[in-house]
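For reference, the structure is listed below as C-alpha cells.
The values are calculated or read from the model by the stated rules, or taken from the named source; none is laboratory data. Because the structure is a prediction, the values reported are computed rather than measured. Cβ placement follows ideal geometry from the backbone for every residue including glycine, while neighbour counts extend to all protein chains displayed. Ligands, DNA and RNA are excluded from the accessible area calculation, which covers all protein heavy atoms including side chains. Shrake-Rupley method; radii C 1.70, N 1.55, O 1.52, S 1.80 Å.
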Amino acid sequence: MTISKSFIFILFVLGYFASVNFPFEQGTEGEAVDLSNLKVEMLTNPEGIDVLRPRLSWQLQGDAAGIKQTAYQVLVASSLEILAQNEGDLWNSGKVEEETSIHVKYDGKPLQNRMEAYWKVRVWTSSGESNWSEPSHWSMGIMYYNDWKSTRWIGMDRAFDWDEVSTFSRLSARYFRKEFNANKEIKQAKVHLMGLGLYELYINGEKIGDQVLAPVPTDYNHNVKINVFDVSDQLRQGENAIGVILGNGRFFTMRQDYKPYKIKTFGFPKMALQLHIEYLDGSKVVIRTDESWDFTADGPIRTNNEYDGEEYDARKEMPGWNLPGFDTDGWLKASYVQEPEGTFEAQMTPNMKIMGELKPIGISKLEQDRYILDMGQNMVGWLHMKVRGNQGQKVTLRFAESLKEDGELFVRNLRDAKVTDIYTLKGGEEEDWEPKFVYHGFRYVEITGYPGTPSVTDFTGKMVYDDIKTVGSFETSDPTINQIYQNSWWGIAGNYKGMPVDCPQRNERQPWLGDRSTGALGENFMFDNARLYTKWIDDIRYSQRADGSIPDVAPAFWRYYSDNMTWPGTMLMIVDMLYQQTGDVQVIEDNYQAMKKWLEYMRINYMDENYILTKDSYGDWCVPPPTIEAATGQNADVKNPSKLISTAYHYYFMDLMADFASRIGREPDIPEYRALGTHIKAAFNDTFYNKMGYYGDNKMTDNLLALAFGLVNENHKQKVFNSLVETIEVENKGHLSTGVIGTQWLMRTLTQNGRADLAFRIATNRTYPSWGYMLENGATTIWELWHGNVANPSMNSQNHVMLLGDLIVWYYENLAGIKADPANPGFKNILMDPSFIDQLDFVKASHESIYGKISSHWIKNGTEIQWDITVPANATAEVFIPAKDVKSISNYKKRLEKSNQIADIQSSKTGKVKLKLMSGKYSFSFPTL
Ligand code: RAM
C-alpha cells in the first residue's frame, strides 16, 4: 500500500491561554482572556491516520488585543505520562521563532503502525507567553499493505433466493459475527475496518461510533477507506462478540447497468477487519476476519438500495446475534473472497452522522390508510417511525420533494428511483424503526398501511450529512437574502455525502465536478468542509486517466470523460479554494502534476493553431429560458458547447497554474504558462471581441467571463461592462440570464466594477428568473433550474446547489467584507472591504477560520454607520472604511490613532481610509457618505 501524502491532518488545539505570569493585555473594549481555563478540543477524527508527517494546527483564543505569535514549541510523546513530564520522546520542536500556527509538519521520530501520539504546544506572543495547552492526541493506522496479509476479505459472492440482481436489485444486508475469548485484563483495543459498501459495527451488542452510511464512498478500484475505532470500553475480559452488518451503498449497485459507460457494480459486499487487543500485562492479540466468521443474509434488512429504499422485516430479527452465546443454527460460514483492487488508506474526512432532527409540521389523509406527512423542509436523510400493531402488518413510506395539485406525491422528477421504505411489524409492543443503508431527499412522505391513525408525533426526520461543523453565520436586514441563505444551508449540507453530490433524490446523486467549482468557496464560509474537499480532490486525481483526461464526475461512478474545460477544471478551482481559505500549500503540491498533465492533454488534443480551445461539453449549462411561459414543459438537458467559454477558462487556468507554481517552488514553469496565456488572450480578443463593445453573442456570460478573467483590454473595459449592464437592466429588466457558468462570476464582477447595487437587485428579485423566484414558489432549498416550477420533470431536481454561483461568496466577501488575502492565505490577513449597500440596514456575519472566529457586523444608525469587527489572534486585517478623512472615524467613540492594535492608518485617494488591524475587537463609527 502506498502512503498517501495528500491528506491533511489538522489538529486544532483550542487553548484559552492561561498564563498568570504573562496575562495578555486586554483589548480596548474586548473581553478579557479567560485565565482560569485551559481548554483543548479535537476537531477531527484522530484515529488511524496514515500520513508520515501529520500537520498540526492550533488556535490562540481570546479577544485580547494585538496578539501575534512570535514562537512556538510542540511536544509529541508516546504516552500521556511522558507528555505530562513536559517531554516529547517522539518530537520536541524546541523553541521555533516563527509566527506559523497552522499546518506545522511533524518532524520527529518516524511514526510507526498503530502508534499513539500525544501532543501539546506552547506559544510566545507579542503579549506574553502561554502555558502548555491541554494535551491532544492522534493515532496511526495500519499503514502498509503487508500488514493486511494474514487478514482475509470475507463475504459471500452470490445472491440468495429472496434476492434479485437486476437494475432494481434487491440484495439483503449481510450479517457477520465472531466470538472470541479475551482472557486477560484489557488495556486497549482498536478495530480497523474496511466494510464495503456500508457497514455497521457492533461489539457485545453495542453499536460502535455514531457514524452512519460509512465509510465514505470512493471508486473502490482505486482506493478503499479504513475506519478505526477505540473499543477498549466495549470489550470485556472473557467472552466477546463482534457483529458487522454490510449494506450495499455504491459498492453493490446495478442501478446504472443500462448505460455501458457507467460502472455496473464493484461486486457483492465484503469486509476485512483487524481487532488489536493489548492486555495490561503487555501481551497482544489480533482478531482478524477469516472463514471462521459466521454469516447470514437472512436477517431483517431484506433489501437496501440507495435509490430504491430499504425493506425491513422485524419478524426476521435475530435477538442477540451480536452478543456472545448466540445460537448460529441456520447461519453459514463466511467465504474468503477476492479483495477489492483499490489501495487501502486511512479515512481522514469525517463520516456521515445524524446531524439534526426535524418534527413534521403536518399530516393529512389522502384516502383509507394513505396519509401525507409534511416535514416543512426539503431535507436529506430518513424518517424514524414509532408504530404499534399486529405481526406482519406492513407500513410503506414513499418519499418526494413536492406534491401534485391533487395532494399526491410528485415523483416524476425522481425518474425511476423508487425511494420506498417498507417496514413489516413483529407485533405487540411499540416498535421503533429507521433504515440503516439508504437516504432520501424529501419534504413529503406518503405513509400507507400504518396501523391506527398516524400522528406527527409518531415520526421524526433525521437529517444526515457529513459530520462537518457549520462555521459561518450570516444575516442582513433583507428577508429575501436571509431566506436564500437558509435554503442554501439546507441544500449544501444535505448534498454532502462523503463527496459533494449534485442531488439527493432522483436516480442520479452523482459528484458532478462543475456543480461545485465556485460554489465550494461559498460553502467553505459556511461549513468546515476542507477535509471533505481534500478527499474529493483525491477522488478526482485518482480518476484521471493515464492519458491525462479528467472526468466530469468523480469518483467516476459515471464514466463521463467528455473532455471540457469547465467541469474537470473544477479541480484547479477547488485546489485554489483550499489554499486560499485554509492556507494549505500541500494540496497544491499533491495535485500540481495532475493538473498540469490535464491541461497539456487538453491543449494537445483540443487547442487549434489559433490558440482557441475548441472543445466544450455543457456550455453555460441551464441558462434560464427567456420567459416562464416559454420555459413551461421544457427539457433543460440542452447542451450548447461554447468555444468562448472553453478558451476563456483555458486562459484563467494558465493564471491559476502560474500562481500555483509560484507557491510551491515551480517558478521555472511560469514563463510557459504566461506565454501561452498571452497568446490565448490575444486569440480570445481577435476571435470573440466585437467592436460594438461586447464579446461573443453579447450574452451575459460571454462578457462576464472576459471581465472576470482579465481578458479585456484596458480601453475596452468600460464598454464591455456597459454592455453587460445594459443586458441586465434593459433586456432582462434587472434579471440575470446566466447558467451554471456565468452565475459563478456574476455578483463579484458587478461589484468589482462599481455596481454592487445591481448585484443586490439580482440577489433580491422575486420574479423569474431569480433565487427569490424559487422562494416565491415555496422552495426550501435551491433548485436545479431557474424554471424549476414548470420544467419538464426529466431533469428537475428541487435540491441542487449549482445555480448558487458566487452568491454565497458575495454574501461573505462583499456584503460582510470577510475575504481571504491571497498574499497571506487562510485568513492570516483578512481583506475587509464591504459594500455598504443603500438598500441594506445591516449585515451581521461571522466565519470560524483556521485562526479563529472572524466577525463583521455593520449597521446604519441614521446618518452613521457602526461597524464591529473581530480579528482572531495571530491574524491581521486590512480594513477599508468609506470616509472622507481619518478624523470622521472613531473606534469605541474614541479618535482613531495608531496603537498596538491599529498598526497603520492610511487615507487613500479612492475615498476610503485603509487600516491595518492586529487581533482584537473594534467598533468603528463613521458618517454615511
Ligand atoms: C445533470 C445535473 C448535474 C450537472 C450535469 C451536467 O446531470 O444537472 O448537476 O452537472 O447534468
Considering region 159-177, residues that are open to solvent by less than 40 Å² (accessible area, probe 1.4 Å) and not in a loop (DSSP other than H, G, I, E, B), and then whichever is nearest to residue 204 (Cα to Cα), we arrive at 177
Residue hits (region 483-495; out of contact with any Ser or Thr (no Cβ under 6 Å at 6 or more places or on another chain) and either part of a loop (DSSP other than H, G, I, E, B) or not aliphatic (A, V, I, L, M) (or both)) are 483, 485, 486, 488, 489, 494, 495
Only one of 522, 498 is open to solvent by less than 10 Å² (accessible area, probe 1.4 Å), more than 14 Å from the ligand (Cβ to nearest atom) and either hydroxyl-bearing (Ser, Thr, Tyr) or not in a helix (DSSP H, G or I) (or both), namely 498
- Message: Please determine whether any residue of region 618-630 is in the same structural domain as residue 698 (by TED's automatic domain parsing), touching a helix residue (DSSP H, G or I) at 6+ places or on another chain (Cβ under 7 Å) and more than 16 Å from the ligand (Cβ to nearest atom).
- Response: no
Pairs returned, first residue in region 153-167 that is of a type in the set (Gly, Ala, Ser), second residue that is modelled with pLDDT of 95 or more and open to solvent by 30 Å² or more (accessible area, probe 1.4 Å), beta-carbon separation under 8 angstrom, 6 or more apart or interchain, are 155/268; 155/335; 159/268
Given the conditions (1) without any contact (Cβ under 8 Å) to a residue 40 or more places away in the chain; (2) touching a Lys or Arg at 6+ places or on another chain (Cβ under 6 Å), every one holds for residue 475 apart from (1)
Among the residues of region 127-158, the number that are of a type outside the set (S, T, N, Q) and part of a loop (DSSP other than H, G, I, E, B) is 13
| query | What do you reckon, is residue 720 under 30 Å from residue 765 (Cα atoms), β-branched (Val, Ile, Thr) and more than 16 Å from the ligand (Cβ to nearest atom)? | reply | yes
Residue count, region 421-445, condition in contact with a Ser or Thr (Cβ under 9 Å, 6 or more places away or on another chain) and surrounded by 20 or more Cβ atoms within 10 Å (Cβ to Cβ), comes to 5
**Asked** Can residue 837 be described as more than 16 Å from the ligand (Cβ to nearest atom), assigned to a loop (DSSP other than H, G, I, E, B) and under 17 Å from residue 880 (Cα atoms)?
**Response** yes
Residue within region 212-235 that is open to solvent by 10 Å² or more (accessible area, probe 1.4 Å) and within 24 Å of residue 327 (Cα to Cα) present: yes
Counting only residues in region 476-495 that are of a type in the set (Ser, Thr, Tyr) and farther than 30 Å from residue 214 by Cα, the one surrounded by the most Cβ atoms within 10 Å (Cβ to Cβ) is identified as 476
Of 877, 845, the only residue that is in contact with a Lys or Arg (Cβ under 8 Å, 6 or more places away or on another chain), outside the structural domain of residue 101 (by TED's automatic domain parsing) and buried (at least 23 other Cβ atoms within 10 Å of the Cβ) is 877
For region 778-791 the number of residues that are touching a Gly at 6+ places or on another chain (Cβ under 6 Å) and more than 13 Å from the ligand (Cβ to nearest atom) is 1
Inset, instruction - Considering every residue within region 480-491, establish whether at least one is outside the structural domain of residue 644 (by TED's automatic domain parsing) and within 16 Å of the ligand (Cβ to nearest atom). - result: yes
Test residue 755 against the stated conditions and say whether it is over 25 Å from residue 646 (Cβ atoms), of a type in the set (Lys, Arg) and either within 16 Å of the ligand (Cβ to nearest atom) or open to solvent by 10 Å² or more (accessible area, probe 1.4 Å) (or both). yes
Filtering region 594-614 for residues that are in contact (Cβ under 8 Å) with a residue 24 or more places away in the chain and over 20 Å from residue 656 (Cα atoms) leaves a count of 3
Here the qualifying pairs (Cβ atoms under 9 Å; residues six or more apart or on different chains; first in region 619-637 and closer than 17 Å to residue 797 by Cβ and open to solvent by less than 40 Å² (accessible area, probe 1.4 Å); second within 14 Å of the ligand (Cβ to nearest atom) and of a type in the set (Lys, Arg)) come out as 621/639
(1) at pLDDT 95 or above; (2) more than 28 Å from the chain's Cα centre (by Cα) all hold for residue 121 apart from (1)
| request: Check region 816-830 and report whether any residue there is basic (Lys, Arg) and either out of contact with any helix residue (DSSP H, G or I) (no Cβ under 9 Å at 6 or more places or on another chain) or within 16 Å of the ligand (Cβ to nearest atom) (or both). | output: yes
Counting only residues in region 189-211 that are within 17 Å of residue 306 (Cβ to Cβ) and touching a Gly at 6+ places or on another chain (Cβ under 6 Å), the one least open to solvent (accessible area, probe 1.4 Å) is identified as 197
Residues of region 701-716 being part of a helix (DSSP H, G or I) and under 36 Å from the mean Cα position of the chain (by Cα), in sequence order, are 701, 702, 703, 704, 705, 706, 707, 708
Counting only residues that are open to solvent by 10 Å² or more (accessible area, probe 1.4 Å), in a loop (DSSP other than H, G, I, E, B) and among the charged types (D, E, K, R), region 555-596 contains a total of 1
Taking region 525-547 and keeping only residues that are under 10 Å from the mean Cα position of the chain (by Cα) and either within 16 Å of the ligand (Cβ to nearest atom) or of a type in the set (Lys, Arg) (or both), one is left with 531, 535, 536
Out of (1) buried (at least 21 other Cβ atoms within 10 Å of the Cβ); (2) of a type outside the set (Gly, Ala, Ser); (3) under 31 Å from the mean Cα position of the chain (by Cα); (4) closer than 30 Å to residue 146 by Cα, the one residue 102 does not meet is (4)
Among the residues of region 385-397, is any of a type in the set (Gly, Ala, Ser), open to solvent by 10 Å² or more (accessible area, probe 1.4 Å) and closer than 28 Å to residue 302 by Cβ?
yes
